[in-house]
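Everything below concerns the one structure shown next.
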Amino acid sequence: MTFLNWFMDPYRSSEFMRLAAVGAVLVGILAPAVGVWVLLRRLAYLGDAMSHATLGGVAGAYLVGASITLGALAAGLVMGVMIAVLGARRRLAQDATIGVAETVLFASGVILISRSDGVGIDLSHYLFGQITTVRPADLVLNGALMMLALGTIGVLFRDLRSATFDPLHARQVGVPTRVLDHVLLALVSVTVVVSLQTVGLLMSVAMLVTPAATARLVTDKITTMTAVAVGLGVSSALGGLTLSYHTASPPGATIALVAAGQLLVAFAMTSAWRAGRRLGRGGGYATGRHSIVPDARAMANDAPSGAHDKPATTSP
Amino acid sequence: MTTTEQAIHVERLAVSYGNNHVLHDTSFQVRRGEMVAVIGPNGAGKSTLFKAVCGLVPASGTVTIGGVHCHHQRDRMSAAYIPQRSDLDLDFPVTVGEVALSGRRRFLSWWQPPRAVDRERARQALETVGIAGLDDRPIGMLSGGQVQRVFLARALAQEADIILLDEALSGVDSPSTAAFLDLFAALCAGGTTVMLATHDLALARRRFARCIAINGTVVSDGPPDLVLTGASLEATFGSR
């Protein structure tokens, strides 16, 4: 069997796999596009916590017969409010407030589900996804949410970049940094909602963080980083789904591992490239991703860099 | 000093972080085109003073910029605060051109992409600070002096009348430092006000006509010969 046949086989034979593939692509596009900002703002833990917290909203919505999507979004909103209220106390660090808000909502979800005997709600469906039960109506809703989120990122792109790099300067020139913080929370919440059926709550953070992290290893501009992350996201989502079909493994977990595999490959390749550059330079060394040795063009524009602090010549 | 000559007027400014009173009863005025060195020990409140002038930390007292009493953040958009390099993640994936262009946000709405005039002003600003042609370079690949030039270009693109530089010249070698000071002098001659927080007292003595020594408040203010003398320095750098 050729690779193409191997890859296409599941989708030729079954309608639910075709629907699942569309769901996976939606997640593969949206989660990495949002994940780029999650990564650059060092909010990976928030993404993880937000995904867990969603369980409370999902379970609540299921029990009262409301829309699961609305329930999940409501959980994100409650989480955001809890973080903001608790975080107003200077003594409580942000990771602590996130941890508390997350467990309150997750625990509420677990208890609600345990009380739901006979309703037919299965905890594992939400934790690990149920990609093969995706309906066309879900895809339309998720597609609309994805377009809304991507449009938001597109319009706010420059402000997000300024506010993430230098928030003080951004505020000074009129960027509403507080509003952007809330917008980002909402984007993470929407991403978890779209990921719910495909990869499940527990694995949604994998699509949020891993493709963006892989892209960060190989790019130096946020636009290219986003494009690369989305490419990796779509390929790991589809690759993982196909692999899960052939190996009879859970789709969400398989997708998460394929994304992690991409990161390992990029890590190995960039490590080899850096080692090659070190050898080529004859013993020079690099810090972080960039050489501290300025190249000729940089030298021409600036006197040789003094990386050390110049001491004050007069001391008090 | 008439209000038209006045760039910054700070009156009874006080800033506290929780129980930590960083600045109290701080008052001074700076004229348009003046070049002022702000000296003081670590923790004296130099950064906080600049941030308070720019409205970036909660403060009491009054700040007037260009004769306008600052009630809203937009009243302060003609001031630019250039942070210490160590305050920012210089590995952030942003290019020289993108940083310079971000200064133009002052003239745009949240939904509005930069116009041709904005790109042109950002390009001119990079040219003025001597790093034209590096637009596409990630800031992580620049030398310390070049990074400061990028931030200065951002302030110029912002068309700031007041530029507040926080330890901008630490870690910059002496030829670059001299070039920066020439640039500041040229900007001041054109009516821009420059304040530089520095630890380098020799530099302050050599290149600045006015020094403000602070340690929780203004300790002394005047020409270097007055401020950078034994008794005044003792008062500034002695224990609070």
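Throughout, read-outs are computed from the coordinates displayed, never taken from laboratory work. Note that the structure is predicted; figures quoted are calculated from it, not measured. Cβ sites come from the backbone with ideal geometry, for glycine too, and all protein chains shown count toward neighbours.
Structure data summary
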| quantity | calculated |
| --- | --- |
| Per-residue Cβ neighbour rank within 10 angstrom, fewest leading, B:ASP89, A:ASP159 | B:ASP89, A:ASP159 |
| Assigned charges on the beta-carbon of Lys, Arg, Asp, Glu; the protein assembly as shown dipole about Cα centre (debye) | 300 |
| Shape call, region A:187-267: gyration tensor on alpha carbons, a/c limit 1.5 | oblate |
| Cβ-defined net charge surrounding B:SER220, 12 Å radius [Lys, Arg +1; Asp, Glu -1] | -2 |
| Sequence-distant residues sharing a close amide H with B:SER220 (under 5 Å, placed H) | B:ALA213 |
| Taking all pairs of distinct alpha-carbon atoms in chain A, Kirkwood radius in angstrom | 21.5 |
| Estimated 222 nm signal from helices in chain A, with DSSP H stretches of n ≥ 4 weighted -39500 (n - 2.57), rounded to 500 | -26000 deg cm²/dmol |
| Cα-centred dipole magnitude for region A:3-277, charges only on beta-carbon of K, R (+1) and D, E (-1), debye, nearest 20 | 800 |
| Among beta bridges that DSSP assigns inside the protein assembly as shown, antiparallel share in %, nearest 5 | 55 |
| Rounded, prolate or oblate (a/c below 1.5 giving rounded, otherwise prolate when a/b exceeds b/c) for region A:37-81 by Cα gyration tensor | prolate |
| Charge dipole (chain A, unit charges on Cβ, about Cα centre) - positive-most of A:ALA144, A:MET203, A:HIS169 | A:HIS169 |
| Shape call, the protein assembly as shown: gyration tensor on alpha carbons, a/c limit 1.5 | prolate |
| Antiparallel content of DSSP bridges confined to chain B, in %, to 5 | 55 |
| Cα pair distances in chain B, grouped into 5 Å bins until the bin that holds the longest one, percent each | 1, 6, 14, 18, 20, 17, 13, 7, 3, 1, 0 |
| Student exercise, region B:100-159 dipole from Lys, Arg, Asp, Glu Cβ charges, in Debye to nearest 20 | 160 |
| Cα-based equivalent ellipsoid of region B:100-159: semi-axis lengths in Å, sorted from largest, via gyration tensor | 20, 11, 10 |
